[in-house]
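The structure appears below as structure tokens.
The values are calculated or read from the model by the stated rules, or taken from the named source; none is laboratory data. The structure presented is a predicted model; accordingly, all values stated were derived computationally and were not measured. Cβ: placed from backbone, ideal geometry, glycine included. Neighbour counts: every protein chain shown.
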């Protein structure tokens, strides 16, 4: 894993116009590449050394932005929109259904490592609210029934 | 070359994709091949057409026939009937009031006919991944005109004369901003596009980036030329993966065609653009916080002045414009300032893209001239309430904005008029609320958002908004007092006056504006422990009307806490002490026998 991270960092250094601003970009890349969609401790240390940024600074950034995680996430990262348009379109029921089906709360991962549930800000799909995002895919016009179907399909390993 | 008899535009905006656009397209392609029509029919995946609640959508040219709510079966039928035999398939056409089928083509449908498209002129019309389609719609003509025929000062003058104001929220004159950056001393300057649209309920920037990415590249290059920058950054939300992907493709195409890079169009002007991806922090939409984030730091704002035009990214003069603002720039340069001024009002010229969401029939994006009234927007374009319930208010401007009650719906929508009502145009989110929405709950909702998104740097915002949230929470639980309402008002004004950045300075607005127009709802919560909209759980109870209950047991079976009892075919009853107020019973009752009452039954 460490050689892989090293590669990501040196790649990030080489392909940007500016070299001063690659920290957030590099963290995104690491998170995308590492299984579990997170930034492990070893990676943080390596980023700090390679980019010559104090460890405290790296953690400062890492903990500020909600999309970064230092905890391992599930195979499917479910982000639920908790903004007002989704809220008035019965989004509360969607959140309830997700928590019941997965038996976890926000920022938790199911025991089988399949699902992580997180909140997200507005996904900009208010025309089809309530909306969730699973990995990089959007699902709109949700009802509790639809949510249960999606979860069950993913549990069975089917495509949705 | 074979003659193309039909072109199918199929909406590949985020909403339509989530509604199954891909499977519709797959069927179309398969069927078209089956009938050997592939040489005569072209399928183009476009950006968002706007009418998100009706997706997936497609338009078949040359007639301009508009089909909505498509399914794979619909696609099959349309190929067999429309494309093969020339018969329009009525069941997928737009339906007006009471199921009336609206005559085609698309431009005659009320949702579209009242719109004037400038910022979104190409969205939903061209293939965003094809630079030639952008050029065919006069794309990069403005860049050519600016670089070859105009001095940077002249470009700035045209933008100033057009009266274009920042569409991200504050409404600051764009030309003036450019002039500050131009005049600011420095060899290296930056041109930044703020694509960190975070206001809940606003999604015009995503739609423009996904549907017409080249317009942003063209506008940024023109702006770069005008202010004297050599590098540009688009700060884009990570929540918008499709936008990132399409903009990346567009950037490469623009470089290939010589619209970006060294010596653009053979002139001595060089400029390039890169994307910087956000990581989920609302405050990064604030310009100084955004620049910190590009620099790889925590996205915390700082005191202004110095303004970005003086000391911006890495301390260099920088200019930041929002996506929708930039999208207006190429047509302004190409057609001139007066062309733009033919729409809108004296102080707010041009058009604005609004995102209709909430309790309205036609949700989605609409671009209309400034000065249109809220009533026209909500009823004529938005189609009014989808359920027939009374529309009570509209919330504008997201967490920085406020609510406007129904009696003010004849107000023209422009920066000044809305501000007078205690709301703002903001980035253009319009969330329609009806009688089922509780104003205290709405205010609490926005405060919860702000508490979450406050970066924590200044005390009034960090501590003050939290305190306000706690009071609102108390009120929705029926534990508030009249004194709490006074505290809310005072605290709100203090936070407004003393916060460091725009996020904190506007955070109390949802509370202050709901207090201004709906104080009676607050009072009902604290005095009578009633929630007039029957939304606040602690203040309502579910009851069964013995006259209407037929004893079908549907409610008892669905109740998660087993608090409904009664024999088959006999009147049922809810045990209030065990009821969790989830509302499952009301959903399944087919006889309308269950209702909510407020205040709650002890």
(message) Give me the residue from the stretch A:132-143 that is modelled with pLDDT of 90 or more and at the interface with chain B (Cβ under 7 Å from one of its Cβ atoms) and, out of that set, farthest from residue B:236 (Cα to Cα).
(response) A:141
(message) Looking for something within 14 Å of another protein chain (Cβ to nearest Cβ), out of contact with any strand residue (DSSP E or B) (no Cβ under 9 Å at 6 or more places or on another chain) and farther than 30 Å from residue B:401 by Cα - is there at least one such residue anywhere in the stretch B:187-196?
(response) no
(message) Go through the stretch B:41-61 and report how many residues are within 13 Å of chain A (Cβ to nearest Cβ) and either free of Cβ contacts under 8 Å to residues at least 60 places away in the same chain or in a strand (DSSP E or B) (or both).
(response) 3
(request) Might you let me know whether the stretch B:76-86 holds any residue that is touching a residue at least 40 places away in the same chain (Cβ under 8 Å) and either in contact with a helix residue (DSSP H, G or I) (Cβ under 6 Å, 6 or more places away or on another chain) or within 14 Å of chain A (Cβ to nearest Cβ) (or both)? (result) yes
(message) Any residue that is over 14 Å from the mean Cα position of the chain (by Cα), closer than 20 Å to residue B:241 by Cβ and in a helix (DSSP H, G or I) - is there at least one of those in the stretch A:108-127?
(response) yes
(request) Name, by its number, the condition in (1) surrounded by 17 or more Cβ atoms within 10 Å (Cβ to Cβ); (2) in contact with a strand residue (DSSP E or B) (Cβ under 7 Å, 6 or more places away or on another chain) that does not hold for residue B:105. (result) (1)
(request) Name the residue, out of B:384, B:426, that is within 17 Å of residue B:508 (Cα to Cα) and part of a loop (DSSP other than H, G, I, E, B). (result) B:426
(request) From (1) more than 14 Å from chain A (Cβ to nearest Cβ); (2) surrounded by 24 or more Cβ atoms within 10 Å (Cβ to Cβ), pick out the condition that doesn't hold for residue B:173. (result) (2)
(message) Within the stretch B:310-320, does at least one residue satisfy the condition of being assigned to a strand (DSSP E or B) and within 14 Å of chain A (Cβ to nearest Cβ)?
(response) yes
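Considering only residues that are within 14 Å of chain A (Cβ to nearest Cβ) and either surrounded by fewer than 24 Cβ atoms within 10 Å (Cβ to Cβ) or more than 24 Å from the chain's Cα centre (by Cα) (or both), which ones fall in the stretch B:240-264? It would help to see each step written out before you state the result.
Quick first cut of the stretch B:240-264, residues within 14 Å of chain A (Cβ to nearest Cβ) only: B:240-246, B:248, B:251-252, B:255, B:260-262.
Hits for the stretch B:240-264 are B:241, B:242, B:244, B:245, B:246, B:248, B:251, B:252, B:255, B:260, B:261, B:262.
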(message) Scan the stretch B:467-481 and tell me whether some residue there is within 23 Å of residue B:394 (Cα to Cα), in contact (Cβ under 8 Å) with a residue 60 or more places away in the chain and in a helix (DSSP H, G or I).
(response) yes
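Scan the stretch A:75-84 and give yes if some residue there is without any contact (Cβ under 8 Å) to a residue 12 or more places away in the chain and within 8 Å of chain B (Cβ to nearest Cβ), otherwise no.
Yes, that holds for at least one residue.
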(request) Filter the stretch B:393-423 for residues that are more than 14 Å from residue B:377 (Cβ to Cβ) and part of a helix (DSSP H, G or I) and give the result. (result) B:398, B:399, B:400, B:407, B:415, B:416, B:419, B:420
(message) Considering only residues that are without any contact (Cβ under 8 Å) to a residue 40 or more places away in the chain, within 13 Å of another protein chain (Cβ to nearest Cβ) and buried (at least 16 other Cβ atoms within 10 Å of the Cβ), which ones fall in the stretch A:93-118?
(response) A:95
(message) Just the residues that are buried (at least 21 other Cβ atoms within 10 Å of the Cβ) and either over 25 Å from the mean Cα position of the chain (by Cα) or closer than 11 Å to residue B:334 by Cα (or both), please, taken from the stretch B:115-146.
(response) B:131, B:139, B:140, B:142, B:143, B:146
(message) Step by step: first the residues of the stretch B:176-188, then only those that are touching a residue at least 24 places away in the same chain (Cβ under 8 Å) and crowded, with 19+ Cβ neighbours inside 10 Å, then the one that is nearest to residue B:202 (Cα to Cα). Which residue is that?
(response) B:177
(request) For residues that are in a helix (DSSP H, G or I) and either more than 12 Å from chain A (Cβ to nearest Cβ) or over 24 Å from the mean Cα position of the chain (by Cα) (or both), scanning just the stretch B:265-289, find the one that is nearest to residue B:193 (Cα to Cα). (result) B:287
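Only one of these is within 13 Å of another protein chain (Cβ to nearest Cβ), surrounded by fewer than 17 Cβ atoms within 10 Å (Cβ to Cβ) and more than 15 Å from the chain's Cα centre (by Cα): A:50, A:60. Name it.
A:60
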